[in-house]
Amino acid sequence: MPIEAAALRREFLGIDFDLLDADAAVAWLSRVHAGDAFSYVVTPNVDHVVRLEALGEADALGRELWQAYRAARLVLCDSRVLVRLARVYGVDLPLAPGSDVTVRLFDEVVRPGDRIAIIGGDAALLAALRVRNPALDLVQHVPPMGMLRDPDALAAAVAFARTAAARFVLLAVGSPQQEVLAGRIAAAGGATGCALCIGASLDFIAGRQRRAPRVVQRLGLEWAHRLASQPGRLWRRYLVDGPRVFRLAHAWQRARTR
């Protein structure tokens, strides 16, 4: 039987967040069965919010991306920055970091014999995960770069998810590709289990990347740790695009109080 979505949501910056912290999200995932009708989980952070606003709904990608977030079974707040910013404007959002939820999925939720389908990564990632989780049935599909610009590649990823018969489908192709893919799988019909849009979370589990120390995470500075680790790739995201969220929050508050 398919499990129910969370009962309550709270809107901030145009996104309706489920009022679930990491503990509640893990409890929800523990009730997923392999034969359940397909559902999926998204984990918006500052980068996602800024991208959604920039794209809007004027073009096809923007419309499809917004619809993917709206159609998700769970929408979990991934960002301590968003949580604290929301609090400034009188909105209480629980925190459920996607990387933490993914780690706990492996540690607390999955059972021996469960099939976990991974879309993304590479052969080395799959090998590392199999070493760490020998009792799981791990299968993988590796799409090409630029999947959103390749209809055949996107269709192949959808087909893989539909036929995987997995309890969980881990979409590890980065945002916005993974959210669009989740929406396409749901729209195609025939898939089962629950997909999670997880970005680079599997790299942390496999030991290929290191997360910030816990104290840095609690201070809301994990973004700075990641920037220092990969400045060439992330400088624009964190130093140019990310700060736009403060303007968005101000505009959101003004619109709400008119």
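Quick notes on this one:
- Given charges at beta-carbon only (K, R positive; D, E negative), |dipole| of the chain in Debye: 680 debye
- Taking Cα atoms only, the orientation of helix 60-71 departs from the longest principal axis of the chain by about 80 degrees.
- Residues in the range 191-207 that a label on A34 would reach, taking backbone N under 19 Å of a point 7 Å out along Cα→Cβ: 191-196
- Computed helical MRE - 222 nm, the chain, DSSP H runs ≥ 4 contributing -39500 (n - 2.57), nearest 500: -13500 deg cm²/dmol
- Positive-pole candidate from G62, G146, P231, dipole of the chain, charges at beta carbon: P231
- The simple spin-label model puts a point 7 Å past each Cα toward its Cβ; for R208 and D107 those points are separated by 2.1 nm.
- Taking every protein chain into account, the accessible area of the range 37-101 amounts to 37 square angstrom per residue (probe 1.4 Å).
- At full extension, D59 and A24 could sit 9.1 nm farther apart than now, given 0.36 nm per residue minus the alpha carbon distance.
- Exposure ranking of L74, L20 by accessible area [1.4 Å probe, largest first]: L20, L74
- Helix 151-163 axis, angle to the chain major axis (alpha carbon atoms, nearest 10°): 60 degrees
- Order by protection proxy (mean Cβ within 10 Å, highest first), peptides 147-153, 177-183, 118-124: 177-183, 118-124, 147-153
- Highest mean packing first, where packing is the average number of other Cβ atoms within 10 Å per residue, the peptides 99-111, 158-170 line up as 158-170, 99-111.
- Computed from Cα positions, the angle between helix 46-55 and the longest principal axis of the chain comes to roughly 80 degrees.
- The stretch between R184 and R256, if pulled fully straight at 0.36 nm per residue, gains 22.7 nm over its current Cα-Cα span.
- Treating r as the C-beta distance of Q67 and R247 and R0 as 22 Å, the FRET efficiency rounds to 0.35.
- Residues whose placed amide H lies under 5 Å from that of Q140, excluding near-sequence neighbours: I118
- Residues whose placed amide H lies under 5 Å from that of F17, excluding near-sequence neighbours: R10, E11, F12
- Under-5 Å amide H pairs with V110, H placed in peptide plane, nonlocal only: none
- By the compact-protein rule of thumb, 2.2 N^0.38 Å, the alpha-carbon radius of gyration of the range 30-146 corresponds to a ratio of 1.26.
- Accessible-area composition of the range 3-140, carbon plus sulfur, in percent [1.4 Å probe]: 52 percent
- Of (i) 20.9, 76; (ii) 17.7, 57; (iii) 16.8, 49, the label for Rg and Dmax of the Cα atoms in Å derived from the coordinates: (ii)
The values are calculated or read from the model by the stated rules, or taken from the named source; none is laboratory data. Here the structure is a predicted model, which means the values were calculated and not measured. All Cβ positions, glycine included, derive from the backbone under ideal geometry; neighbour counts span all protein chains shown. Please note that ligands, DNA and RNA were not included when accessible areas were found on the heavy atoms of the full protein model with its side chains. Shrake-Rupley method; radii C 1.70, N 1.55, O 1.52, S 1.80 Å.
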